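The values are calculated or read from the model by the stated rules, or taken from the named source; none is laboratory data. Nothing here was measured: the structure is a model prediction, and the numbers come from that model. Cβ placement follows ideal geometry from the backbone for every residue including glycine, while neighbour counts extend to all protein chains displayed.
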């Protein structure tokens, strides 16, 4: 019995902290001139970064050198005022008219401004604004009263969004929907799945970003603790985690999913301490390891990019 208890304890520690020998901290960079990094995605050696109160989509290379930007709003201020911002929280590469496009969506946490999204052609920079109110209304009617979209990624046959909970609404949800759902919002497929088991309002862990691995069929989620009790206010920054869900394609019809592995980023490297990780993207992957870029928002007008490598 003593051996069983010890083994169980070791397995528990591995699940909740990961393994430092399987992790490499490559580098990081502070973007002092770009505020509130919230969503990140990758295409053709370019990293696309959106801030929830930024006026443009920022483009960097994989060394984090800023190489371009795409203006979304006219603003003389570095940060768009909170009551007016679209709160663009999530970005992903999706298929649109059989070509890759950057989809960015607002959180839906406050009408009317936050019910919008953008479709951007990365080659021509042509952009289309999308009113997501019909789709977001359906999500609220389906049970996500405190809607707060923070994650977005494309998977085979569809798109996944994540709604972050808070200390008053202690539930995270994955929303599985169809490709180009924005073109048929009234009847696009919706499957809602609760993710994670933590419902403790004192230490709630909220999902902040999503990424899908085509090679391993894994869903990667960035998760953080924050001292906030509603969907529109920021709170004191806590700790950040990376959750990994294996075989996500086989779990789309489940009503609840727990992560297969939880990585405490601060436990792996103290340079994550004090940073609220908002999203993640894969920039390279093979059968042995995955290289990730994570973005953090310091709540004071800057963004921080981190590059790490995880062994499989």
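Test of understanding: among 151, 165, which residue is closer than 23 Å to residue 36 by Cα, touching a strand residue (DSSP E or B) at 6+ places or on another chain (Cβ under 9 Å) and modelled with pLDDT of 95 or more? Among 151, 165, only 151 is closer than 23 Å to residue 36 by Cα, touching a strand residue (DSSP E or B) at 6+ places or on another chain (Cβ under 9 Å) and modelled with pLDDT of 95 or more.
Of all residues in segment 162-183, those satisfying the criterion of being closer than 22 Å to residue 217 by Cβ, in contact (Cβ under 8 Å) with a residue 60 or more places away in the chain and either in contact with a helix residue (DSSP H, G or I) (Cβ under 9 Å, 6 or more places away or on another chain) or not in a loop (DSSP other than H, G, I, E, B) (or both) are 162, 174, 176. Against the definition (under 16 Å from residue 257 (Cα atoms) and surrounded by fewer than 20 Cβ atoms within 10 Å (Cβ to Cβ)), how does residue 142 come out, yes or no? Against the criterion (under 16 Å from residue 257 (Cα atoms) and surrounded by fewer than 20 Cβ atoms within 10 Å (Cβ to Cβ)), residue 142 does not qualify. Residues that are under 20 Å from residue 49 (Cα atoms) and either assigned to a helix (DSSP H, G or I) or over 16 Å from the mean Cα position of the chain (by Cα) (or both) within segment 270-284 comprise 272, 284, listed in sequence order. Taking the conditions (1) at pLDDT 95 or above; (2) within 21 Å of residue 177 (Cβ to Cβ); (3) touching a strand residue (DSSP E or B) at 6+ places or on another chain (Cβ under 9 Å); (4) surrounded by fewer than 21 Cβ atoms within 10 Å (Cβ to Cβ) in turn, residue 283 satisfies each one other than (2).
From the list 228, 222, which residue is within 27 Å of residue 114 (Cβ to Cβ) and modelled with pLDDT under 95? Being within 27 Å of residue 114 (Cβ to Cβ) and modelled with pLDDT under 95 holds for just one of 228, 222, which is 228. Scanning segment 250-274 for residues that are at pLDDT below 95, in contact with a helix residue (DSSP H, G or I) (Cβ under 8 Å, 6 or more places away or on another chain) and under 14 Å from residue 30 (Cα atoms) yields nothing.
Of all residues in segment 248-269, none are over 25 Å from residue 177 (Cβ atoms), free of Cβ contacts under 8 Å to residues at least 40 places away in the same chain and either more than 19 Å from the chain's Cα centre (by Cα) or in a strand (DSSP E or B) (or both).
For segment 233-247, residues that are surrounded by fewer than 15 Cβ atoms within 10 Å (Cβ to Cβ) and either modelled with pLDDT of 70 or more or part of a loop (DSSP other than H, G, I, E, B) (or both) total 4. Before we move on, is residue 159 surrounded by fewer than 21 Cβ atoms within 10 Å (Cβ to Cβ) and in contact (Cβ under 8 Å) with a residue 60 or more places away in the chain? No: the conditions fail for residue 159.
Here are some residues: 178, 168. Which one is more than 17 Å from residue 117 (Cα to Cα) and surrounded by fewer than 18 Cβ atoms within 10 Å (Cβ to Cβ)?
After applying the criteria, what remains is 168.
Count of segment 68-85 residues, restricted to those that are closer than 19 Å to residue 107 by Cβ and either touching a residue at least 60 places away in the same chain (Cβ under 8 Å) or surrounded by fewer than 16 Cβ atoms within 10 Å (Cβ to Cβ) (or both), is 6.
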